[in-house]
Every structure is written in structure tokens, then in C-alpha cells.
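Student: My structure is below; once you've seen it, I'll send some questions.
The values are calculated or read from the model by the stated rules, or taken from the named source; none is laboratory data. Only a predicted model underlies this, so the values are computations on that prediction, with no experimental measurement involved. Ideal geometry is used to build each Cβ from the backbone, glycine not excepted, and the neighbour counts take in all protein chains shown.
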Amino acid sequence: MTQQTAGAALVEELIDHQWDYFSGVPCSLLKGAFARLENLDDDQRAAYLPAPREEVAVAAAAGAYLAGRNPVVLMQNSGLGYCLNTLTSLLLIYRIPLVLIVSWRGHGPDAVEHVVIGEAIERLLDDIGVAHRTLDDVSGAVRWSTSTAESNRTPVALLVKEAI
């Protein structure tokens, strides 16, 4: 499966599970997913709002949830650091469920600036109480995300190791 096909498959699976609002900051590992999101214009099942920063995407997703939408936010793992306060002081406190699609830069060989966050990402998510798993099987990961986010009413994270 090509990167573009894998990313599009993830977006379609999320939409099929009623996730209907997407926002995020592009990352090369999520290129295929963002390509699909940028072509949602004619698709009435979901909307996409490009964001200039990760905390803006998370805040917009919170507003979308309060307006009746089911939000997904896509970002690079370094962006998780930017939005920690928004996650902990808004989404976790007010129990706002959403799916975070987080590219796991620094998981393997990568640019040096990704190594520290790459090594810490799972501990960081554990420390703030965000359930997470690696995106390995798209259907299974989306089913898990949907079930966990809805039953716990909290954000969940899917960590993406390879380009989709």
C-alpha cells in the first residue's frame, strides 16, 4: 500500500466510525492522510480545518466537539509538547473525547532533533493519562480509538511509526 493510499484508508476508516471533524499541522509521515483531508471539499461526511499550530488544532477540536462533532487532530510528536497545556487543562479536565494521530518521529533512525521526544512520547502520554497504541492495523486501531475515547470520554492517541 502506498503512503497516500494508507493515509487515505486511515481517514476513510475514521469517517466510517463517525469521526467527522479533522484539524492538524502537516507532517511528512502523515502526508497521505493530509492529502485525503485536503480533498474533503465534496465530502459532506467530514470537515477539515488546517491549523497553524498544534494547540490551535486541539482547541478548535474541543469547540467542534462542543458543537456536536467528533474530532480528530493530526500532528507530529514534537507538536504534542506545544499542546500539552491545552490537552491537560481543557480536554482532560472537561472529558472531551478525540483521536490524536501522532507521527512518532525519532522512533527509529531520524534527525537528531526528534530523538528526545521520540524516546519519551509513550511515557509522556502515560504521565498525562492519554491512552495510546501504535497504528499497526488500521481497522483495529480505529475501533480501539473509537471505543476507548467514547467509553472514557478522553482523548486517545494513535502513534504512527511509518509514513502513511
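Student: Any chance the stretch 43-57 includes a residue that's more than 17 Å from GLU12 (Cβ to Cβ), of a type in the set (Phe, Trp, Tyr) and not in a loop (DSSP other than H, G, I, E, B)? Steps first, please.
Tutor: Here is the first cut: in the stretch 43-57, the residues more than 17 Å from GLU12 (Cβ to Cβ) are 49-57.
From the residues that got through so far, the ones that are of a type in the set (Phe, Trp, Tyr) too are none.
No.
Student: I've got another one for you. Output the residues belonging to the stretch 63-104 that are part of a loop (DSSP other than H, G, I, E, B) and closer than 20 Å to VAL11 by Cα. Lay out the reasoning, then the answer.
Tutor: Residues of the stretch 63-104 part of a loop (DSSP other than H, G, I, E, B): 67-70, 83, 92-97, 104.
Once the filter is applied, which keeps residues that are part of a loop (DSSP other than H, G, I, E, B) and closer than 20 Å to VAL11 by Cα, the stretch 63-104 yields GLY68, ARG69, ASN70, PRO97, TRP104.
Student: Between residues in the stretch 135-164 that are among the hydroxyl-bearing types (Ser, Thr, Tyr) and in a helix (DSSP H, G or I) and residues that are at pLDDT 95 or above and surrounded by fewer than 17 Cβ atoms within 10 Å (Cβ to Cβ), which pairs lie under 7 Å by C-beta distance while being six or more apart or on different chains?
Tutor: Going by the 7 Å Cβ cut-off, the qualifying pairs are THR148/ALA131.
Student: For the stretch 94-114, state whether one or more residues are without any contact (Cβ under 8 Å) to a residue 24 or more places away in the chain, surrounded by fewer than 19 Cβ atoms within 10 Å (Cβ to Cβ), out of contact with any Phe, Trp or Tyr (no Cβ under 7 Å at 6 or more places or on another chain) and of a type in the set (A, V, I, L, M).
Tutor: Within the stretch 94-114 (the criterion being without any contact (Cβ under 8 Å) to a residue 24 or more places away in the chain, surrounded by fewer than 19 Cβ atoms within 10 Å (Cβ to Cβ), out of contact with any Phe, Trp or Tyr (no Cβ under 7 Å at 6 or more places or on another chain) and of a type in the set (A, V, I, L, M)), the answer is yes, since at least one residue qualifies.
Student: Which residue, of ALA163, ALA141, is within 16 Å of MET75 (Cβ to Cβ) and touching a Lys or Arg at 6+ places or on another chain (Cβ under 7 Å)? Break it down stepwise before answering.
Tutor: Working: ALA141 fails: within 16 Å of MET75 (Cβ to Cβ).
The unique qualifying residue is ALA163.
Student: What is the residue count in the stretch 57-92 for residues that are under 27 Å from HIS107 (Cα atoms), of a type outside the set (Gly, Ala, Ser) and surrounded by fewer than 22 Cβ atoms within 10 Å (Cβ to Cβ)?
Tutor: The number of residues fulfilling the criteria is 6.
Student: Look through ALA33, ALA62, ALA47, ALA57 and report the one residue that is within 20 Å of GLU162 (Cα to Cα) and either touching a helix residue (DSSP H, G or I) at 6+ places or on another chain (Cβ under 9 Å) or free of Cβ contacts under 8 Å to residues at least 24 places away in the same chain (or both).
Tutor: Within the list ALA33, ALA62, ALA47, ALA57, the selection yields ALA33.
Student: With (1) crowded, with 22+ Cβ neighbours inside 10 Å; (2) in contact with a Cys (Cβ under 9 Å, 6 or more places away or on another chain); (3) not acidic (Asp, Glu) as the list, and ARG53 as the residue in question, which single condition is left unmet?
Tutor: With (1) crowded, with 22+ Cβ neighbours inside 10 Å; (2) in contact with a Cys (Cβ under 9 Å, 6 or more places away or on another chain); (3) not acidic (Asp, Glu) applied to ARG53, the lone miss is (1).
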